[in-house]
1. Can you name the residue in region 57-115 that is in a helix (DSSP H, G or I) and small (Gly, Ala, Ser) and, of all such residues, is surrounded by the fewest Cβ atoms within 10 Å (Cβ to Cβ)?
2. Identify, from the list Tyr41, Tyr17, the residue that is of a type in the set (Ser, Thr, Tyr) and either part of a strand (DSSP E or B) or within 17 Å of Ser122 (Cβ to Cβ) (or both).
3. Can you give me the number of residues within region 81-100 that are of a type in the set (Asp, Glu) and out of contact with any strand residue (DSSP E or B) (no Cβ under 8 Å at 6 or more places or on another chain)?
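What follows draws every value from the coordinates through simple rules; no lab data is involved. Keep in mind that this is a model prediction, so the values were computed, not measured. Ideal geometry is used to build each Cβ from the backbone, glycine not excepted, and the neighbour counts take in all protein chains shown.
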Amino acid sequence: MSDESKYVSFFVCNEEYIINVTSVKQITRPGEFRIPPNLPYFFAGVESWRGQVLSIIDLAKLFNLESSAIEKKLVIVEMGEKNFGLLVDRVNRIENISDEWVSAVPLSMETERNRFIDGIASLDDGARLVMKISLSRLEELIVNCRSK
């Protein structure tokens, strides 16, 4: 039997995504964002969380999707010493996913915006295809934006 890991699944528009639950610090309703000038299009803004200023990435904007969700959720993730937030439409559930269920991203999906997708998991006997987000690439995106 292959290794299984726990993932948080959530929706952005009608697409389902997963991230490893060990990186998730909190799931909450977004507060009031502050929007500093000259933010890249995919940032929703910044928010104070436990004494830190978090950069908030709007995944719908990053993936060029049209979100119609009125009430969104904020998934706060930790990468090493850094925390940042992901703005999503709704959180679905926590699930165990076997490594063997996750396939590489097909060549047809290898685009600039899809570089944040690490793989695609086939769940429920292939009835659901769920995209695995690369948190390390999102962190790299934030770091690169700060250094400009």
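1. Narrowing region 57-115 to residues in a helix (DSSP H, G or I): 59-62, 99-101, 107-109, 113-115.
Among the residues that remain, those that are also small (Gly, Ala, Ser) are: 60, 108.
Details: Ala60: 21, Ser108: 7.
That would be Ser108.
2. Working: Tyr41 fails: either part of a strand (DSSP E or B) or within 17 Å of Ser122 (Cβ to Cβ) (or both).
Just one listed residue meets the conditions, Tyr17.
3. Initial filter on region 81-100 (of a type in the set (Asp, Glu)): 81, 89, 95, 99-100.
Then keep just the ones that are out of contact with any strand residue (DSSP E or B) (no Cβ under 8 Å at 6 or more places or on another chain); that gives 81, 100.
Of the residues in region 81-100, 2 are of a type in the set (Asp, Glu) and out of contact with any strand residue (DSSP E or B) (no Cβ under 8 Å at 6 or more places or on another chain).
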